[in-house]
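Trainee: Next up is a structure, given as C-alpha cells.
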Amino acid sequence: IEYATAGHPIGWIQWFTVSIPLCFVLDAIIWLWLIYCFDLPASAESAAVAHAIDRGKTELESFSVLQNFIMSVSIGVVGLWCASGSTEHFTGQMGVLGIVPFVIFFGSGVLSKEDLNNFLWSVVLLAMGGLLLGEAVKTSGLLDVIAEKIASFIEANDLSLWVALVIFDAMILFCTTFVSHTVGAIV
C-alpha cells in the first residue's frame, strides 16, 4: 500500500478511513452467514440480554467510574496514535505512546504490583527488542545495502518475478528462523 502512495506512509486516519468501513461490511457478511448456517432461537433477544435476564437483571448495567476511566484512557491513547504524525516532534515514535496507559494505570492504582509481576516480560522484551533491531537495521543503512545488492543480483541475472519471489521468501524464512518475526516484519 505504501508503494501505491508514492512513498508517502499511510497515517492512522487514512488507515481507519479504509479499515473501519471494511470491517463493518465484513462483520455484516459474517453475521448473515452465521444466521444462515446456524439455527438461532426464534426470539429477537440477543444472547447477552438472555444471559442478563438469567442472572436476574432486567436492566442493562451502566459503566462504573473505573470502566469509564479505562475506556477514556484507551480511547485517548488511540487518539494520540492517530495524531502521531503531527505530535511526533515531541512524543517521538508511536511506541513511546504505548507507555502512557502503562504509567496511568499503574500510577492511579488501577493495576497493582501483582499485575506487573504477572506480565509476560519475555514476550514484551522480545517484541521491543525486535522493534529495536528492526529500527537499527533501517537507520544504519544495512537494509538499503541489502536491497541494492538483491536488486543488482536480480537485474544482472535477468530473473523472473517468480524466481525473485522465491529468493525473497527463502531470505525471509532464513532470517525469521534466527530472529523474531517482529524483526522480519519490520525489515
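The values are calculated or read from the model by the stated rules, or taken from the named source; none is laboratory data. All values derive from a computational prediction rather than experimental measurement. No Cβ is skipped: glycine too gets one built from the backbone with ideal geometry, and neighbour counts run over all protein chains shown. Accessible surface is based on the protein model in full, side chains and every heavy atom, while ligands, DNA and RNA are left aside. Shrake-Rupley method; radii C 1.70, N 1.55, O 1.52, S 1.80 Å.
Trainee: May I ask for log10 I(q)/I(0) of segment 83-187 at q = 0.13, 0.17 Å⁻¹, from a Debye sum over the Cα atoms as equal point scatterers with solvent left out?
Mentor: -0.70, -0.96
Trainee: Hey, another quick one. Under a 1.4 Å probe, what is the accessible area of segment 112-173 per residue, stated in Å²?
Mentor: Using a 1.4 Å probe on heavy atoms only, each residue of segment 112-173 averages 80 Å².
Trainee: Could the peptides 90-100, 114-124 be put in order, highest first, of the mean number of other beta-carbon atoms found within 10 Å of their residues?
Mentor: Output ranking for 90-100, 114-124: 90-100, 114-124.
Trainee: Then there's this: Which whole number in µm²/s is D for segment 56-111 by Stokes-Einstein, with the Kirkwood Rh taken over Cα pairs at 20 °C and 1.002 mPa s?
Mentor: It comes out at roughly 166 µm²/s.
Trainee: Can you send over the carbon and sulfur percentage of the accessible area for segment 98-171, probe radius 1.4 Å, protein chains only?
Mentor: About 71 percent, which is the carbon plus sulfur part of the accessible surface.
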